[in-house]
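These notes are about the structure you will find just below.
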Amino acid sequence: MSEISERLERYLSGELSAADRVAFEAEAMKDLNLAALIYKDLQVRSMISAASSERRRAEAPAAPKARTGIRRWVSMPIVRWAVPAAALIVVAAIALWPRVVSQRSGVLRGPARHFSAVSPVGNVSGRPQKLVWTPHRDAIHYRVEILDVASRTRLTVIVTDTFMDLDPSMDIPAIGYWKVTPLGPDLSEVGSPILTRYRIAP
Amino acid sequence: MEENQLPDTGAWLEQLRATFVKVAYQRVASSDVEDIVQDAMRVVVEKNIDPASGAIEDLPPLAWCLQTLRNVIGNHYQRSETRRRYQEPESGSEADSRSLAEELDARETAGAIEIAVKEMHGTDSDCARYFDRLIDGVNAGEIAAAEGLAAPVLYRRLYRCRQKLRLLLQARGIDL
């Protein structure tokens, strides 16, 4: 394996001679395991490359546009990167935005696994007061996210047991998406999320 | 044919197609294999890739072709997921929502790599250091020189490190 790994690394780094490269590729086309190794290695390399681009972008000088309040907070790289650690971000989000969600007793559970957005959907006449969806059969909690089209940022990530009341002090983008993911008791996803676009009419 | 002789393009494309089919069968539903392979082969043919091609976008020809297959598989799933998951109230907005969601997903994937590499600092500091440098844009040859290692030694280590990183990412639910 070590010889293969070295050849693979040299192959993908473009360091094999033309003849060795042709021989390696001929071998890979005959040997599914070797072709699969190349394929898998490309996956991880591609992700490292994406992380590299993201790190460069994060370290680039800040855009001149001033960010304030929630937008400034969510634009911090650590916040963006912490999103995959959903449990962590949920705890942080709840701690930081206690007013955003007014919790009510009871659990929203529907009759089916298919669930859908109710409101706001599409063009709406005024600032939405609440995000409403048809409940999911297996959900105990829901993760709710609001995405801002203009700044291309995720403004809010929160876990709730109920529909989400939008606090009047919360900065809601005029055009955005909201995304709801059904979660089980351990906050693992129990169904596919729904993503819904809305636009507040001027 | 000697292994270091170039096969003719037609035979090479046939072999490539067979390789695509085998790799695709490991990753997608069998009913989708033909369509996906066809799409990937079309890209390869349109790009005039053949065994004599030099590096394409910094990748050798077969690796570039497999990368293309990977992209086609990714697009295929993304299209299916988009149709299944996203509710779009207005025509024409699907592309917007997909693009925003994809951008955010890409950031989160990059974030997952960063978190996994940070985690590696506690368990395998050499791998974490190599990855940190790769993410900083340093190439493998430069890392070998900085580490005082012969390139083949670093290559073997990098390969093992990527296997470890794959496992860490899979444990975080990243589909690989």
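Quick note: the coordinates plus some simple rules give every number you see, no bench work behind them. Remember, it's a predicted structure, so these values are computed and weren't measured experimentally. Every residue, glycine as well, gets a Cβ built from its backbone with ideal geometry; the counts of neighbours run over all protein chains shown.
With Cα atoms defining each centre, the stretch B:108-176 and the stretch A:121-171 are spaced 37 Å apart in the structure. Label-to-label distance for A:T134 and A:A50 is 3.2 nm, based on points extended 7 Å past Cα in the beta-carbon direction. Shown in residue order for the stretch A:185-201 are the 3J(HN,Hα) couplings computed by the Karplus curve 6.51 cos²θ - 1.76 cosθ + 1.60 at θ = phi - 60°: x, 9, 6, 7, 6, 10, x, 6, x, 10, 10, 10, 8, 9, 9, 7, 4 Hz (x for Gly and Pro). Summing Lys, Arg as +1 and Asp, Glu as -1, what charge do residues with Cβ under 11 Å from the Cβ of A:E189 carry, A:E189 excluded? Here the count lands on -1. Highest mean packing comes first when the peptides A:32-44, A:122-134 are listed by Cβ atoms within 10 Å, giving A:32-44, A:122-134. Spin-label model, B:A146 to B:S125: label points 7 Å out along the Cα-to-beta-carbon direction sit 1.6 nm apart. Among B:S31, A:S5, A:S46, A:S17, a tally of other beta-carbon atoms within 10 Å of each Cβ gives an order, fewest to most, of B:S31, A:S17, A:S46, A:S5. Per residue of peptide A:10-17, the mean number of Cβ atoms on other chains within 10 Å of the residue Cβ is 5. Ranking B:Q26, B:L13, B:V44 by how far each Cα lies toward the positive end of the dipole of the stretch B:1-76 (charges on Cβ) leaves B:Q26 at the top.
Gain on full extension, evaluated as 0.36 nm per residue between B:V153 and B:R27 minus their Cα-Cα distance, stands at 42.2 nm. Counted residue by residue at 0.36 nm each, then reduced by the alpha carbon distance between them, the extension gain from B:N71 to B:S53 reaches 4.5 nm.
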